[in-house]
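*Asks:* This is the structure I want to talk about, given as structure tokens.
The values are calculated or read from the model by the stated rules, or taken from the named source; none is laboratory data. Just so we're clear, the structure is a prediction, and the values are computed from it rather than from any experiment. As a convention, Cβ positions derive from the backbone with ideal geometry for all residues, glycine included, and neighbour counts pool all protein chains shown. The protein model used for the area step is the full one, side chains on, heavy atoms only, and it has no ligands, DNA or RNA in it. Shrake-Rupley method; radii C 1.70, N 1.55, O 1.52, S 1.80 Å.
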Amino acid sequence: MANRSEDHGALIIGIEFGTTYSRVAWCYTRDASKVNVIRQWPGLGQNGNSDKVPTVICYAARDSTKYRWGFDVTSRRSDDANRISWFKLLLNEQLAGTTLLEHNNQLRLRQRYPAYNTKQAEVDEIRAMVSRIPTGKTPKDVVADYLKGIYTHAQEKLRSSLPSSVTEQFGQTIPVKYYLTVPAIWSDRAKELTIQAAQEAGMTGQNSDIILISEPEAAAVYCLHAYHGTSQCVKINDLYVVTDCRDSTVDLISYQVTAIQPRLQVKECAPGTGGLCGSTTLNRSFHDLLKSKLGHEAFVKMSPQARYTAFTFFDENLKPRFRVPTAAEEAEEDFEPQTFYCPVPGVPNNPTRGIMGGFLTISVQEIASIFNPVITEIAGLVQQQVDEAERRSGHTVTGILLVGGFGSSDYLRERLAAIIKSKKSGNKVEILQPSDAWSAIVQGAVLHGVASYQTSRKSHPGPRSMVESRIVRFSNDIKFSDYFKEGKHPL
């Protein structure tokens, strides 16, 4: 290990291992002013650029030691039948509402309730995914294989970004800290499996450590540090509800500011809650809408490439940019009802169904019908967290920090702003949507790691975590009984 007085810096790597997408960011503490988010991935092409990579994997038919992952899978439509996704959820049976059983070396899924807002559609999708896991492999093995792809690619990007004189010392004189984010409602068993998978992926070494940080905590680190020292400066006793809206899950947790100087500190005010009501639910609803509008026959005849084009349009254009015009906007003289044209290449013209020239006409109301049920469910979770945080702290919620991929949706923000109220003040709660909301978690994980390392290097180290105290989730009891012995046991 390096001598404490000889600070060679540390490499902090944040890995946001998500259900449908994952992200990686890093920082060398000798240049702690910049967090680098990896945006180039295998299978994306030289000119491709994305701050996230699909959490999918596809094994070779006859050799499960060989596989493709990320964009290398999604860019090949022939892999549709064999691709494995959503495997992260299998690490936490309580979240998925399922139990995995092994029978004759094959995995079988048994549904178990209650779960965190798990719907039958989610269970069916998980069941289909389990059937694609190769014989002899467990969900932890699949996670390890995927993380190995992430890890190997990150090492290549680091070697191309930093001098060899630095990279050769990683894990030697320069410690490497891997910060993996996990949902707030992740069980201890799921956390342990995540660490084991990361170790099997290669994140080990004499001077390397794996540290877990909850996704909403990482988001809070990013957001509160971003607001600290700005016109939106945080103050002592400010109370924030972090709402992490991701692809498949929504996580919520509440923090109250306890200190500003010398370092920002918060305490947890209410236990984390969440559910399976992320933006992938929108994708399933869009699937149903597309099938209904095209008609069963036309939908079934769509080529895999055509379906991919339609769903990509929804995922990358409609979903993040959709909003409903306000009453004031509709009252303007030049207002025209907004219409969306979804590409459906190869589908024959059908004016009655709104199909012309390879495009399908979709109204605002139809898209809103996809969003509203999901947003209503999210709003219920947020309101519960706001009420509980205010009840436990005795303070009014200052604001809601909306982060995650789905958290960057303007329509989600507008709807929550109209729905969520503080019981203490009776007023609407301010909804804050930080810049780079979609990458707040992975950047927050890196910032947390940098601060922890810098604190550890001081002569009188302070608290290494921004969160100084947490709400206890459960307690352990020991039941003991013995025969009474006179003179030994008091009456």
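*Asks:* About its Cα centre, what dipole magnitude does segment 338-397 give when the only charges are +1 on Lys and Arg Cβ and -1 on Asp and Glu Cβ, stated in debye to the nearest 20? Present the calculation step by step, with values, prior to reporting the outcome.
*Replies:* Details: 3 positive and 5 negative charges, 39 e Å.
About 180 debye.
*Asks:* Out of segment 208-279, which trypsin sites (Lys or Arg not before Pro) are coil in DSSP terms and have no more than 16 other C-beta atoms within 10 Å? Write down the numbers at each step before the final one.
*Replies:* Working: sites: LYS235, ARG246, ARG263, LYS267; in loops: LYS235, ARG246, ARG263.
Loop-located and lightly packed - LYS235, ARG263.
*Asks:* Counting heavy atoms of the protein chains only and a 1.4 Å probe, report the per residue accessible area for the chain as a whole number of Å². Write out the running numbers ahead of the final one.
*Replies:* Numbers: 23440 Å² over 491 residues.
That works out to 48 Å² for each residue.
*Asks:* R0 = 41 Å: FRET efficiency of GLU200 with SER481, Cβ-based, nearest 0.05?
*Replies:* With a Förster radius of 41 Å, E is 0.45.
*Asks:* OK, next. Loop only by DSSP, 15 or fewer other Cβ within 10 Å of the Cβ. Give me the GluC sites (Glu not before Pro) in segment 270-359 that pass, ordered by residue number. Don't skip to the answer; put the middle values down first.
*Replies:* On the way: sites: GLU297, GLU316, GLU329, GLU330, GLU332, GLU333; in loops: GLU332, GLU333.
Hits after loop and neighbour filter: GLU332, GLU333.
*Asks:* Once all Cα-Cα distances of segment 141-205 are split into 10 Å bins that start at 0, what whole-number percent is in each one?
*Replies:* Spelled out bin by bin, segment 141-205 gives 19, 45, 27, 8, 0 percent.
*Asks:* In whole Å, largest first, what are the principal axis extents of the Cα atoms in segment 267-399?
*Replies:* Answer, in whole Å and largest first: 61, 41, 19 Å.
*Asks:* Related question: Just want the answer: with Cβ charges of +1 for Lys and Arg and -1 for Asp and Glu, which residue in VAL344, VAL300, ILE367 is farthest toward the dipole's positive end in segment 292-374?
*Replies:* Of the candidates, VAL300 comes out farthest on the positive side.
*Asks:* So for segment 127-212, taking the charge dipole from beta-carbon charges (+1 Lys/Arg, -1 Asp/Glu), which of ILE133, ALA154, ALA197 sits furthest toward the positive end?
*Replies:* Going by the charge dipole, the pick is ILE133.
*Asks:* Kindly work out what percent of the DSSP beta bridges joining two residues of the chain are antiparallel, to the nearest 5. Intermediate values should be presented prior to the final figure.
*Replies:* Working: 45 of 67 bridges.
Bridges in the chain are about 65 percent antiparallel.
*Asks:* Can you list which of the chymotrypsin sites (Phe, Trp or Tyr not before Pro) found in segment 257-336 are DSSP loop residues with at most 11 other C-beta atoms within 10 Å?
*Replies:* Numbers: sites: PHE286, PHE299, TYR308, PHE311, PHE313, PHE314, PHE322, PHE335; in loops: PHE322, PHE335.
Those that pass, being in a loop and sparsely packed, are PHE335.
*Asks:* Set Lys and Arg Cβ to +1 and Asp and Glu Cβ to -1, take the dipole of segment 152-248 about its Cα centre, and tell me which of ILE210, ALA220, ILE185 lies farthest positive.
*Replies:* So the residue we want is ALA220.
*Asks:* Given contacts defined as C-alpha pairs under 8 Å and at least six residues apart, what's the relative contact order of the chain, whole-number percent?
*Replies:* On the way: 872 pairs, mean separation 77.6, N = 491.
Value for the chain: 16 percent.
*Asks:* Let me ask you something else. Where does the charge balance sit around GLN383 when Lys and Arg score +1, Asp and Glu -1, over other residues with C-beta under 12 Å from its C-beta? Walk me through the intermediate numbers first.
*Replies:* Numbers: positive: LYS421, LYS423, LYS428; negative: GLU377, ASP387, GLU388, GLU390.
Taking every Cβ under 12 Å from that of GLN383, the sum is -1.
*Asks:* Let me ask something else about it. Over the heavy atoms of ASP410, what accessible area does a 1.4 Å probe trace out, to the nearest 10 Å²?
*Replies:* Surface accessible to solvent at ASP410 totals approximately 60 Å².
*Asks:* Give me the dipole magnitude in Debye, nearest 20, for segment 191-347 about the Cα centre, with unit charges on the beta carbon: positive for Lys and Arg, negative for Asp and Glu. Display every interim value, and only then the final one.
*Replies:* Numbers: 13 positive and 20 negative charges, 71 e Å.
Approximately 340 debye in magnitude.
*Asks:* How big is the accessible area of HIS296 in square angstrom, nearest 10, if you roll a 1.4 angstrom probe over the protein chains?
*Replies:* That residue has around 120 Å² of solvent-accessible surface.
*Asks:* Taking the Cα centre of the chain as the origin, how large is its charge dipole in debye, to the nearest 20, when only Lys and Arg (+1) and Asp and Glu (-1) carry charge on their Cβ atoms?
*Replies:* Numbers: 56 positive and 52 negative charges, 207 e Å.
Using only the charged Cβ atoms, the result is roughly 1000 debye.
*Asks:* In segment 319-417, carbon and sulfur make up what percent of the accessible area (probe 1.4 Å)? Display every interim value, and only then the final one.
*Replies:* Values: 2450 of 4790 Å².
Using a 1.4 Å probe with all protein chains present, segment 319-417 comes out at 51 percent carbon and sulfur.
*Asks:* May I ask you to list the residues of segment 380-395 whose amide nitrogen lies under 13 Å from a point 7 Å from Cα along the Cα→beta-carbon direction of LYS423?
*Replies:* 383-395
*Asks:* If the cut-off is a Cα-Cα distance under 25 Å, which lysines reach LYS157, setting aside same-chain residues fewer than 8 apart in sequence?
*Replies:* Correct list for LYS157: LYS34, LYS52, LYS66, LYS88, LYS148, LYS177.
*Asks:* In whole percent, and with a 1.4 Å probe on the protein chains, what portion of the accessible area of segment 237-309 is carbon and sulfur? Kindly include the intermediate steps, with their values, before the conclusion.
*Replies:* Working: 1270 of 2380 Å².
Here carbon and sulfur together make up 54 percent of the probe-accessible area.
*Asks:* I've got another one for you. Based on a Kirkwood Rh over C-alpha pairs, give the Stokes-Einstein translational diffusion coefficient of segment 120-279 at 25 °C and viscosity 0.890 mPa s in µm²/s. Don't jump to the answer; show the numbers that get you there.
*Replies:* Working: Rh = 18.5 Å.
Answer, rounded: 132 µm²/s.
*Asks:* Additional query: If R0 is 25 Å, what FRET efficiency do you get for ASP31 and CYS233 from their C-beta distance, rounded to 0.05? Write out the running numbers ahead of the final one.
*Replies:* Working: r = 26 Å, r/R0 = 1.04.
It comes to 0.45.
*Asks:* Just one of [x] 21, 52, 23, 3, 0; [y] 23, 45, 23, 8, 0; [z] 24, 57, 18, 0 is P(r) over Cα pairs in 20 Å bins from 0, in percent as worked out from the coordinates here. Which one is it?
*Replies:* Label [x] holds the value from this structure.
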